[in-house]
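K.L.:
Input: one structure, supplied below.
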Amino acid sequence: MEAPLLGVQGLNVDLALQSGRTRPILRDISFELPAKRTLGLIGASGAGKTVLAKALVNWIEQPLHITGGTIAWRGKDLLGDRQGFGRLRGSKIAYVGGNPAGTLDPTQTVGAQIVEKLLSVQPRTSRREAIEKAVDLLAAVRIPSPSQRFHEYPYQYSGGMMQRALIVDALISDPELLVADNVTQPLDVTVAAQILKLMRELTERFATAVVFVSSSLPVVADIADELLVLHEGRIVERQATRRLVSHPIHAYTQALIGELPTIWQGHGPAERPRGQTTEPLLSVSEVSKTYKVRKRDSFAGYNHVQAVRRANFDIFKGDNFGVVGESGCGKSSLMRLLTRLEPPDTGRIVFDGQDLATCGGSALQKLRRRLQLVLQDPFSSLPPRSPIGAIIEEPLRIHGLGGAKERRRQVRDVMGEVGLDATLIDELPAGLSAGQRQRVNVARAMILEPALLIMDETLSSLDQTEQTKLLNLFERLQAQHGFTYLFISHDLAMVRRVCSRIAVMYLGEIVELAANERLFFDPGHPYTKALLSAVPTLEERRYRPEDCLLEGEPPSPIDLPPGCSFASRCPSAFDRCRSQHPGLTARSSHDLAACFLVEPPRVAARETAGA
Amino acid sequence: MFVLSFLARRLLQGFVIIFLVMFLIFTLLRVVPGDPVRLMAGGMAPEALIEQIATQMGLRDPILVQFGRYAAHVVQGDFGQSFVRPADGAATGGAAFNDASRSERAEVLTLVAQTAPRTFQLALTAILMALLISLPLGVAGGLYPGRWPDRLALYLGSIFVSLPNFWLGIVLILLLSVKLAWLPAIGYQGFAWTILPAFVLAIEMAPFMIRTLTVSVAQVMQEYFIAAGPVRGLSRSRVVLRHGLKNASVPLLNLLGVQFSMLLGGVLVVEYIFDYPGLGLLTINAVLQRDFPLIQGIAIITSAAFVLINIAVDLLATTIDPRLDY
Ligand code: SF4
């Protein structure tokens, strides 16, 4: 019998600790990978999957050590022959990681570095051939105007573009094995979907075997023939992909599949019925913000980045309002405007009957109390040297509320409410888990009894289990205190679960505004559809990315072309889209989308957003 | 395009800086105590004569008027004449005032043009020597942080830092010049006279260069692309030489720019000790003699050099690392 392309037997990797002891990272890893097959490797963060991926490319460095087992290439042991292993790297075994922006030298052009790599591993290639091959492959990964892009520097590439270039870098030497370690993790969903499709195509075309590592089961399931499940350093399950998804055996796999959020099953929260008379809690009308950025190549010129363009929406008390979009769509700028970190250039933001722009002094103080922001990053948003109790108490002190005793009592109460143990009150935040840190953030925001909580990617860094717990907590707090939430997020599955009304942003513009159910099952804007098609999910897809999205990336927000901003990627674009700009059009009394294809309801009642 | 707009912007900024320097120096010189006419004419000259000369020279006009007159000349490339130095070159102290010989006073521009090349040569030699010392030490230190090359770099750096330059200069003169007679030391008659002072300066600068290099090399070596290079199939030496060092060179380049400018501004102590006839020595004498035009001229010309060097350094840095944008 012929030896498999890659054979791993009883691989153990240990981490040497400061104390001189060791901690096992990988235990007894054994698997085989035949040529031309794609093996998926899935596990939570900390399960050791990146270490395993790196072991396959001889990238185990201090303080990690391989303490046992073998890695064989076509039956030949590699661990005993590190030099031979080193020679395989880059030529026969290629690696693409999850850090596209940092992989190449920032001071040299992308093309030169790809050529440099090819010439290093295949010295007999002529430079001319190498350049030709690189440009061809750049074209094959659909980098626009590749011969020009060849001469550009890494910083001139977007994340998705860079990942494409790195796939070229990996595949240019015709490797037999590609180790893809979290390749889609830093990318936006629509871009990630395109990268995945591309990898599938290319590895098929070049008959490359792939080890595909990811923490997202739906992503791996999309690409791999077979799956390995890694849990606490051990392989707990190995099955063909379909079978694993439908019949998971190991309890861990079952739990993993069980807690995946679903999008197309069940119902999202419905909007609360409201009478005609209710005033919105937060009303945003015609709000725009343009940033000036100094132009690089000119004497005194500025580029105008239109971060938010004429946003209109209302949020009513008790609502869960969602703002979704990919990076650079303007959702963070919108957050800055709403929290009055910056004034908008035009338009009005009215909160609780108060115009944000005109209120100052004590009115502003009061307003700040009623509108709280919970930030994204649980690791950097807490001061490391203050005890947890003091951190939560701080807003009370700033606003001069209550005496010391009274405040302490309130802190205790709030900690109880968000599920933080009372004994933590005098601890430093250093020992807290990500979930606990996020709870501290929530506690700090809610201690002032705000009316509106703005959650800016608050849950993005948490794993599924923690996310679920926090979402349940939010729900409970809402029921008890009547909070209104504004979720700013890129995570459609999360938004589907909690938001009753959702705004979709693209290039600074709200392109669709609709109730949950309508948005997901009958999106009015092609971009919404594209976004939905790209969400990784194990469920049967309602929309196929191939049909919903053209290749390419969002145009730069500087000097936007006239017409519809989605026109460059929209499969249904037609002439008018390139010259005229579609405004938000009502599809029904509540739902709006900014696309020429939207057909207004017959009784075209002129409604304002969200009214 | 980029280069042109860059140059235009930076040169404009440079002119503003030079103008400010000119204005500051000019006004400061006129408010600090010490009357140049008194020094020129000698202590015995009668008060009335001094007033007369001063008025003739325009020194009693309002400062702004004086400044305007001066600036108008400078723009035409005329930095005026030294108050005290005769055109024939020899430095004079407070020579007796003699109205007739005023026309024979040396042009400031000529004086600077005579001395600046020597200082330039000294600075360049010193920088090269410092690079020779610090490149190997700093790079090795950065490549093996915490190991012996790093410690060697640190120790040598500390020793260099703690050697005072006047002490080192005198010791070297006594040892190499007086005792062993290997190298000439005092005055200037050829390149050999540059070596000792340059070495003293190099030792003075080297610790900063070593430190900068160690830190920047060590930092770059932590970058992901350094680790990823061998995985992509590049040899480690290639990654270090072609990618690591290139990325680490920008901080050093910036430091070189600053140090070079400082050297051009006159290395007062070292030039004084070695009696090296450069800008430093010229400056010292000019200040001692209240030679206003000369002081002003030196200040303006060195600040212009400063501006130019900075522009050159930044331009060079952007060609090394195109992300930089000044
Ligand atoms: S307006 Fe045209 S380009 Fe824009 S989304 Fe609609 S169909 Fe597509």
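The values are calculated or read from the model by the stated rules, or taken from the named source; none is laboratory data. Quantities reported herein were computed from a predicted structural model and do not represent experimental measurements. Cβ sites come from the backbone with ideal geometry, for glycine too, and all protein chains shown count toward neighbours. Just so you know, the surface numbers come from the protein's heavy atoms only, side chains and all, with ligands and any DNA or RNA stripped out. Shrake-Rupley method; radii C 1.70, N 1.55, O 1.52, S 1.80 Å.
K.L.:
Given a 1.4 Å probe, show me the residues in region A:106-141 buried by at least 30 Å² of accessible surface when comparing the whole protein assembly to the chain alone.
P.N.:
Those residues are A:P106, A:T107, A:Q108, A:E116, A:K117, A:S120.
K.L.:
Over chain A, what is the mean sequence separation of C-alpha contacts under 8 Å (at least six apart), divided by residue count, expressed as relative contact order in percent?
P.N.:
Relative contact order comes out at 13 percent.
K.L.:
State the answer as a single residue: which of A:I488, B:F292, A:C595 lies farthest towards the positive end of the charge dipole of the protein assembly as shown, with beta carbon charges of +1 for Lys and Arg and -1 for Asp and Glu, about the Cα centre.
P.N.:
Toward the positive end, the furthest listed residue is A:I488.
K.L.:
If R0 is 41 Å, what FRET efficiency do you get for A:K366 and A:A422 from their C-beta distance, rounded to 0.05? Before the final figure, lay out the partial values.
P.N.:
Details: r = 30 Å, r/R0 = 0.73.
The pair A:K366/A:A422 has a calculated efficiency of 0.85.
K.L.:
In terms of modelled amide H atoms, which long-range or inter-chain residues lie less than 5 Å from the amide H of A:E152?
P.N.:
A:V110, A:G111
K.L.:
Run through region B:106-195 and list the trypsin sites (Lys or Arg not before Pro) located in a DSSP loop whose Cβ has at most 12 other Cβ atoms within 10 Å.
P.N.:
Working: sites: B:R118, B:R147, B:R151, B:K179; in loops: B:R147.
Sites meeting the loop and neighbour criteria: B:R147.
K.L.:
State which entries of A:K292/A:K317; A:K366/A:K469; A:K317/A:K366 exceed 27 angstrom in Cα-Cα distance in the structure shown. Before the final figure, lay out the partial values.
P.N.:
Values: A:K292/A:K317 35 Å; A:K366/A:K469 31 Å; A:K317/A:K366 18 Å.
Distance filter (> 27 Å) returns A:K292/A:K317; A:K366/A:K469.
K.L.:
Principal axis extents for chain B, Cα atoms only, whole Å, descending order, please.
P.N.:
Principal-axis extents of the Cα atoms in chain B, largest first: 84, 57, 30 Å.
K.L.:
Determine the relative contact order of region A:111-230: mean sequence separation of Cα pairs under 8 Å and six or more apart, normalised by residue count, in whole percent. Walk me through the intermediate numbers first.
P.N.:
Values: 108 pairs, mean separation 25.7, N = 120.
Normalised by residue count, the contact order of region A:111-230 is 21 percent.
K.L.:
Give the accessible area for A:K197 in Å² (nearest 10); use a 1.4 Å probe, count only protein heavy atoms, and leave out ligands, DNA and RNA.
P.N.:
60
K.L.:
Counting only heavy atoms of protein chains, what accessible area per residue, in Å², does region A:513-570 have with a probe of 1.4 Å? Walk me through the numbers on the way to the answer.
P.N.:
On the way: 2250 Å² over 58 residues.
Here the per-residue accessible area is 39 Å².
K.L.:
While we're on this one: Give a residue-ordered list of calculated ³J(HN,Hα) values for region A:46-57 (Karplus: 6.51 cos²θ - 1.76 cosθ + 1.60, θ = phi - 60°; whole Hz; x for Gly, Pro).
P.N.:
Per-residue couplings from phi come out as x, 7, x, 6, 5, 4, 5, 4, 6, 4, 6, 10 Hz.
K.L.:
Take A:A270 and B:L152, extend 7 Å from each Cα along the Cα→Cβ direction, and tell me the distance between the two endpoints in nm.
P.N.:
Rounded to a tenth, the inter-label distance reads 7.9 nm.
K.L.:
Could you derive backbone 3J(HN,Hα) for region A:193-208 from the dihedral phi with the Karplus parameters 6.51, -1.76 and 1.60 (θ = phi - 60°), listing whole Hz in sequence and x where the residue is Gly or Pro?
P.N.:
4, 5, 5, 4, 4, 4, 5, 4, 4, 5, 5, 5, 4, 9, 6, 8
K.L.:
How much accessible surface area, in Å² rounded to 10, belongs to the heavy atoms of A:E427 with a 1.4 Å probe?
P.N.:
90
K.L.:
Okay, moving on. Only protein chains counted, 1.4 angstrom probe. Which residues of region B:224-244 are at least 50 Å² less accessible in the assembly than when their chain is isolated?
P.N.:
Correct list: B:Y224, B:F225, B:V231, B:R232, B:H243.
K.L.:
For the protein assembly as shown, what % of the accessible area comes from carbon and sulfur atoms, probe 1.4 Å? Spell out each step's value before the answer.
P.N.:
Details: 24550 of 42650 Å².
In the protein assembly as shown, the share of accessible area belonging to carbon and sulfur is 58 percent.
K.L.:
Another question about this same structure. Over 23 Å between Cα atoms: which of A:K54/A:K92; A:K295/B:K246; A:K117/A:K197; A:K289/A:K529; A:K76/A:K133 fall into that group? All intermediate terms of the calculation are to be shown ahead of the outcome.
P.N.:
On the way: A:K54/A:K92 15 Å; A:K295/B:K246 26 Å; A:K117/A:K197 25 Å; A:K289/A:K529 26 Å; A:K76/A:K133 31 Å.
Flagged as over cut-off: A:K295/B:K246; A:K117/A:K197; A:K289/A:K529; A:K76/A:K133.
K.L.:
Treating only the Cβ atoms of Lys and Arg (+1) and Asp and Glu (-1) as charged, compute the dipole magnitude of region A:356-442 about its Cα centre; round to the nearest 20 debye.
P.N.:
Numbers: 13 positive and 9 negative charges, 76 e Å.
Its charge dipole is roughly 360 debye.
K.L.:
Taking the Cα-to-Cβ direction at B:L24 and at A:S589 and moving 7 Å from each Cα, how far apart do the two end points lie in nm?
P.N.:
7.2
K.L.:
Membrane-span-like helices in chain B: DSSP H runs reaching 15 Å or more (Cα, own axis), mean Kyte hydropathy at least 0.5?
P.N.:
Values: long enough: B:2-31 (44 Å, 2.08); B:63-75 (18 Å, 1.11); B:108-143 (49 Å, 1.54); B:148-162 (21 Å, 0.73); B:192-221 (41 Å, 1.45); B:245-264 (27 Å, 1.17); B:292-320 (42 Å, 1.87).
Span-like helices, by this rule, are B:2-31, B:63-75, B:108-143, B:148-162, B:192-221, B:245-264, B:292-320.
K.L.:
Evaluate the distance, in nm, between pseudo-label points positioned 7 Å from the Cα of B:A45 and of A:S433 along their respective Cα→Cβ axes.
P.N.:
A separation of 8.9 nm, rounded to one decimal place.
K.L.:
Keeping all protein chains in place and using 1.4 angstrom, which order do A:T70, A:T423, B:T55 fall into by accessible surface area, from largest down? Don't jump to the answer; show the numbers that get you there.
P.N.:
Numbers: A:T70 55, A:T423 105, B:T55 80 Å².
Output order, biggest surface exposure first: A:T423, B:T55, A:T70.
K.L.:
At R0 = 25 Å, how high is the FRET efficiency between A:A101 and B:T319 if r is their beta carbon distance? Nearest 0.05 is fine. Write down the numbers at each step before the final one.
P.N.:
Values: r = 22 Å, r/R0 = 0.87.
It comes to 0.70.
K.L.:
Oh, and also: Would you compute, from DSSP H runs of 4+ residues alone, the mean residue ellipticity of chain A at 222 nm, taking -39500 (n - 2.57) per run and dividing by the full residue count, rounded to the nearest 500? Write down the numbers at each step before the final one.
P.N.:
Values: 22 runs with 205 residues, N = 611.
After summing the helix terms and dividing by residue count, I get -9500 deg cm²/dmol.
K.L.:
Nearest 20 debye, what's the magnitude of the dipole of the protein assembly as shown about its Cα centre given +1 on Lys and Arg Cβ and -1 on Asp and Glu Cβ?
P.N.:
Working: 93 positive and 86 negative charges, 115 e Å.
Dipole of the protein assembly as shown, to the nearest 20 debye: 560 debye.
K.L.:
Which Cα, out of A:A240, A:A451, B:L135, lies furthest along the positive dipole direction of the protein assembly as shown (beta carbon charges, K/R +1, D/E -1)?
P.N.:
With unit charges placed on the Cβ atoms, the residue in question is A:A240.
K.L.:
OK, next. Amide H of A:L373: which non-local residues (sequence gap of 5 or more, or other chain) have their own amide H closer than 5 Å, using H built in the peptide plane?
P.N.:
A:I454
K.L.:
On the principal axes of its Cα set, how long, how wide and how thick is region A:6-258? Give whole Å, largest value first.
P.N.:
51, 39, 36
K.L.:
Going by a 4.7 Å Cβ-Cβ cut-off, which cysteines of chain A have no partner at all?
P.N.:
A:C329, A:C359, A:C499, A:C548, A:C570, A:C595 - these cysteines have no disulfide-compatible partner (Cβ-Cβ under 4.7 Å) in chain A.
K.L.:
Ranked by accessible surface with a 1.4 Å probe, highest first, in what order do A:M455, B:M221 come? Provide the component values of the computation, followed by the final result.
P.N.:
On the way: A:M455 5, B:M221 40 Å².
Most to least solvent-accessible, the answer reads B:M221, A:M455.
K.L.:
What accessible area per residue, rounded to a whole number of Å², is obtained for region B:111-320 using a probe radius of 1.4 Å?
P.N.:
Details: 9150 Å² over 210 residues.
On a per-residue basis, region B:111-320 sits at 44 Å².
K.L.:
Quick one: which residues, 5+ away or cross-chain, put their amide H under 5 Å from the amide H of A:I25? H built at 1.01 Å from N.
P.N.:
Counting only residues 5 or more places away or on other chains, the set is A:V13, A:D14, A:L15.
K.L.:
Can you give the accessible area buried between chains A and B, summed over both chains, with a 1.4 Å probe, in Å² to the nearest 100? Kindly include the intermediate steps, with their values, before the conclusion.
P.N.:
Values: alone 28150 and 17180 Å², together 42650 Å².
Roughly 2700 Å².
K.L.:
In addition: Using 1/(1 + (r/R0)^6) with R0 = 30 angstrom and r between the beta carbons of A:R409 and A:L341, what's the FRET efficiency to the nearest 0.05?
P.N.:
0.45
K.L.:
So how do B:T214, A:T262 rank on accessible area, 1.4 Å probe, biggest first, that is with the largest at the start?
P.N.:
Values: B:T214 10, A:T262 55 Å².
Sorted descending by solvent-accessible area, the residues read A:T262, B:T214.
K.L.:
Considering only DSSP states other than H, G, I, E and B, which GluC sites (Glu not before Pro) in region A:172-259 qualify as loop sites with at most 14 other Cβ atoms within 10 Å?
P.N.:
On the way: sites: A:E176, A:E201, A:E204, A:E226, A:E232, A:E237, A:E259; in loops: A:E176, A:E232, A:E259.
Here the GluC sites (Glu not before Pro) that fit, given the DSSP loop and packing criteria, are A:E259.
K.L.:
If you don't mind, another one. Can you give me the pair-distance distribution of chain A, C-alpha pairs, 20 Å bins, whole percents?
P.N.:
The percentages, shortest bin first, are 17, 47, 31, 4, 0.
K.L.:
Would you mind working out the magnitude of the charge dipole of region A:495-601 relative to its Cα centre, with +1 at each Lys and Arg C-beta and -1 at each Asp and Glu C-beta, to the nearest 20 Debye? Don't jump to the answer; show the numbers that get you there.
P.N.:
Details: 12 positive and 14 negative charges, 47 e Å.
That gives region A:495-601 a dipole magnitude of about 220 debye.
K.L.:
Roughly speaking, what is the stretch gain from B:I63 to B:S162, that is 0.36 nm per residue apart minus the C-alpha to C-alpha distance, in nm to one decimal?
P.N.:
Details: separation 99, 0.36 × 99 = 35.64 nm, distance 4.40 nm.
Full-extension gain reported as 31.2 nm.
K.L.:
Another question about this same structure. Using each residue's phi in region A:355-365, evaluate 6.51 cos²θ - 1.76 cosθ + 1.60 at θ = phi - 60° and report the 3J(HN,Hα) Karplus result to the nearest Hz, with x for Gly and Pro.
P.N.:
After applying 6.51 cos²θ - 1.76 cosθ + 1.60, I find 6, 4, 5, 8, 7, x, x, 5, 4, 5, 3 Hz.
K.L.:
Specify which residue in the list B:L152, B:L241, B:Q259 is farthest towards the positive end of the charge dipole of region B:111-320, using unit charges on the beta carbon of Lys, Arg (+1) and Asp, Glu (-1), about the Cα centre.
P.N.:
Highest projection toward the positive end goes to B:L241.
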